[in-house]
Structures are given as C-alpha cells and as structure tokens.
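Throughout, read-outs are computed from the coordinates displayed, never taken from laboratory work. Keep in mind the model is a prediction, meaning the values are calculated, not measured. Cβ placement follows ideal geometry from the backbone for every residue including glycine, while neighbour counts extend to all protein chains displayed.
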C-alpha cells in the first residue's frame, strides 16, 4: 500500500507509534505538504481524504459565499457591522437590556440588509462616532440615520416627560433652596 493515493493523501509508511485492534495506521503526506497519521479503514472507506486542509478550505469557501460584504469575518467584525447588528437587536430582541427604549416603544429597524445600510450611511468617516437617529422618535431607516459624535448624540435626546408629582417635588425643592439662600444672606448681613 505504500505509495498509494487516497484523495489528497499518499501513504508513506506504516506507523510504528500508533495502532489499535481495529487496524493499522499509516503515515501519509497530504497534497498541501503536511504529514498526518490515518487508520487504514479511514483511507479505504474514503472517510479520510486529507490532513484536514480540505475541510478548512470548504469552510472558508462556504463562509465567503455567505459573507457578501466581508465585514463579518471571524473575530474581525467592523465597527459599521457591529453598529448595524446592535441597532437591529435593540429594535427586535426583547432580551436586550435597552430594548424597552427602542423596540419596546415602537422603534423599528427597517434596513433589509447590511449592504443597504452601508450604501446609505457609508463607512464611518473617523473613529469616535456612533450610529444616531436624526429624529429620535423615528425608525432606523433611510434618511433617519447618521454617524454622530457623543456631544451630538447628547443634544439629540427625547424630551423628558415630567409628571405632576415630579413637578410638585421640583417646586418644593426650589422653594427650599430659595429659603436657604435668603437665610444665608440674612446671616451674612447681620455679621
């Protein structure tokens, strides 16, 4: 069997280190140049075709087919793609911490794909920007998203709804502060 080819593997010799009751092991050289040890029945059944490089190549091809835009490679998600995913989750996943501020109050994520999102908003012009809705009551949609600085985002907030009870407490606190200031002035004048 030495010299015989099975897929990408060529048998070099019988392995002296590895053997078990199910059959002999062979040291093989793969077409990619790696050496590996494979059991005989793995070779003859067609189960073992390479050192593992064939599976890695197939996985890479499948990943590239699914990843059209190239912004979501394993471990290297771009800032734009992360912003896209985060906004989508805030609007559609009730298990997200801030969902009640977005999807919970009716804000929708209306971009069909990352490609559409990126073609509308473009790449982030410089670091330090985040995704922002121009109209805070509007959806994540074409014409209502932009890259904004932290200070721009701070100015673009919802108006705070003040209840009558909060307003009454605020008035009481203002009166207390005014009274304390008046007493302080009286004390400083009497000295």
Report the label-to-label distance for residue 37 and residue 93 in nanometres (one decimal), using points 7 Å from each Cα along the Cα→Cβ vector.
4.3 nm
Using the Kirkwood radius built from alpha carbon pairs, what does the Stokes-Einstein equation give as D for the chain at 25 °C and 0.890 mPa s, in µm² per second?
105 µm²/s
I want to check the label-to-label distance for residue 152 and residue 45. Put each point 7 Å from Cα in the C-beta direction and report it in nm to one decimal.
6.0 nm
Relative to the longest principal axis of the C-alpha atoms of the chain, give the angle of the C-alpha long axis of helix 79-92, reported between 0 and 90° and rounded to the nearest 10°.
70 degrees
Compactness check, region 72-155: C-alpha Rg relative to the 2.2 N^0.38 Å globular estimate gives 1.06
Contour minus Cα-Cα distance for residue 164 and residue 85 (0.36 nm per residue):
24.6 nm
If the chain between residue 189 and residue 126 were fully stretched, how many nm would it gain, using 0.36 nm times the residue separation less the Cα-Cα distance?
17.0 nm
If you take the beta carbon distance between residue 58 and residue 16 as r and set R0 to 25 Å, what does 1/(1 + (r/R0)^6) give as a FRET efficiency, to the nearest 0.05?
0.20
